[in-house]
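Accompanying notes for the structure given below.
The values are calculated or read from the model by the stated rules, or taken from the named source; none is laboratory data. These numbers come from a predicted model, not from an experiment. Cβ coordinates were reconstructed from backbone atoms using ideal geometry, including for glycine residues, and neighbour counts include every protein chain displayed.
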Amino acid sequence: MDEKHDMEFNKDYIEPSQATRNIHYSIREVTVLARKLQKEGKRMIYLNIGDPNVYDFDLAKEAREAVIWAIQHGKCGYAPSEGLPEAIEAIEKDARDRQHIRNIVGSYMGNGASECIDLAITALANPGENILLPSPTYPQYETITSRLSIEARYYRLDESHNWEPDIEQMATLINEKTRAIVVINPNNPTGSLYSEATLRKIVELAKAHHLLILNDEIYERLVFADHAQYISLGSLDPEASVITFSGMSKAYQGPGIRIGWGIVSGKKENLESYYEAILRMARARLCASHPFQYAIKPCLEGTQSHLPGIREKLKRRRDICVEKINQIPGLSVVPSQAAFYMFVRIENCDDDAEWCRQLMVEKGVVVVPGSGFAYTEPHVGHFRIVYLADEATLIEAFDKIASFVANHNHGE
């Protein structure tokens, strides 16, 4: 009997919902095999998850002290659903003064920027409508659109032009059912930083078609490339409808405290009903973690003295990875300008998921295939590398990758 036949005759079978059928999260799914191999005694090098705390990074001092104070003073009840007032005030002040975002309609807090993005998309689009996502993309956006029966339409990031969006191709994807454009800048998984000219074209396109821009800037404080300049898309046109997402996980090294926010900006008359819909959803889920919200104000208003050291460490590790990649025949990479990722190109590869699986099995190096980020091209594969690990670990990992490539190039 096949599985479907078994289901028909097994009345006790609990069938999962259709909403779960197409949900995949490659960044963590690759660890299923990795942990199996580790249990069997194989040493694994995990370069798949962008969690600074797994490596030699720690929660910012200001955040740690504020959270300890909050817990000691009993700040563990429900917080206001939209967020702690002093935290919201600090977020909006930073957005105005540093990021130059004008026409702020309001802001809201979530259990990580991920929840803020989920609330924004759920409050916006109906089943059968579509949202434009970058390719490659961060998998969470695919998960949300799939669950909500929203069509994901992918615009290409151009590897030959520093992974910047192809605006002309983006424009061809827009139709009467398009509701928003997702922009991830600085970018995950490529580590690229978009130019002001590119960002302005996206804003112009969105305004011309009356679209919301979902602007993910969680890595904006981790720009380290020489002469690279971060510009917040939300600052470019005060009349454009934008939600800018950020949080505590990357710049303040606290991914596990799950605190993020969304800043809604643009013409109030165009956004107030939509913003209220987001707040209704926020009220329905009660609140984001209360004590951890006390970390926001001291972090945003602090000296940021921890950031130069983090950026220098990331730049040094990026450079090691680029040097090692360039020594491996068949691999190449566009050096990242920000964050802690690079999207490595594999020539003559028709299945990067299998390539990465074999690398795990043979060499114990865990990376995520490019196809897991909704990116494929004929006869070429990719994988995302997370270069948070210490220099010695990165060198060991790439020595193993070089050996793996050499073996397979010789048909061994």
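A few remarks follow.
- The requirement of being in a strand (DSSP E or B) and either of a type in the set (A, V, I, L, M, F, W, C) or touching a helix residue (DSSP H, G or I) at 6+ places or on another chain (Cβ under 9 Å) (or both) is not satisfied by residue 32.
- Residue list for the range 191-210, restricted to those being touching a residue at least 40 places away in the same chain (Cβ under 8 Å) and part of a loop (DSSP other than H, G, I, E, B): 191, 192, 193
- Exactly one residue out of 119, 132 is more than 25 Å from residue 258 (Cβ to Cβ), outside any loop (DSSP other than H, G, I, E, B) and in the same structural domain as residue 295 (by TED's automatic domain parsing): that is 132.
- Restricting attention to the range 215-256, the residues that are β-branched (Val, Ile, Thr) and crowded, with 23+ Cβ neighbours inside 10 Å add up to 4.
- Residue in the range 152-169 that is touching a helix residue (DSSP H, G or I) at 6+ places or on another chain (Cβ under 6 Å), more than 23 Å from residue 207 (Cβ to Cβ) and assigned by TED's automatic domain parsing to the domain that holds residue 210 present: no
- Selection over the range 288-319 of residues that are closer than 18 Å to residue 263 by Cβ and surrounded by 15 or more Cβ atoms within 10 Å (Cβ to Cβ) gives a count of 7.
- Of all residues in the range 317-351, those that are in contact (Cβ under 8 Å) with a residue 60 or more places away in the chain, under 22 Å from the mean Cα position of the chain (by Cα) and farther than 30 Å from residue 89 by Cα total 11.
- Matching option when the condition is over 18 Å from residue 92 (Cα atoms), acidic (Asp, Glu) and at pLDDT 95 or above, among 269, 276: 269
- Within the range 301-309, not a single residue is in a strand (DSSP E or B), within 21 Å of residue 188 (Cβ to Cβ) and of a type in the set (A, V, I, L, M).
- Test for residue 72: is it surrounded by fewer than 19 Cβ atoms within 10 Å (Cβ to Cβ) and either at pLDDT 95 or above or in the same structural domain as residue 249 (by TED's automatic domain parsing) (or both): yes
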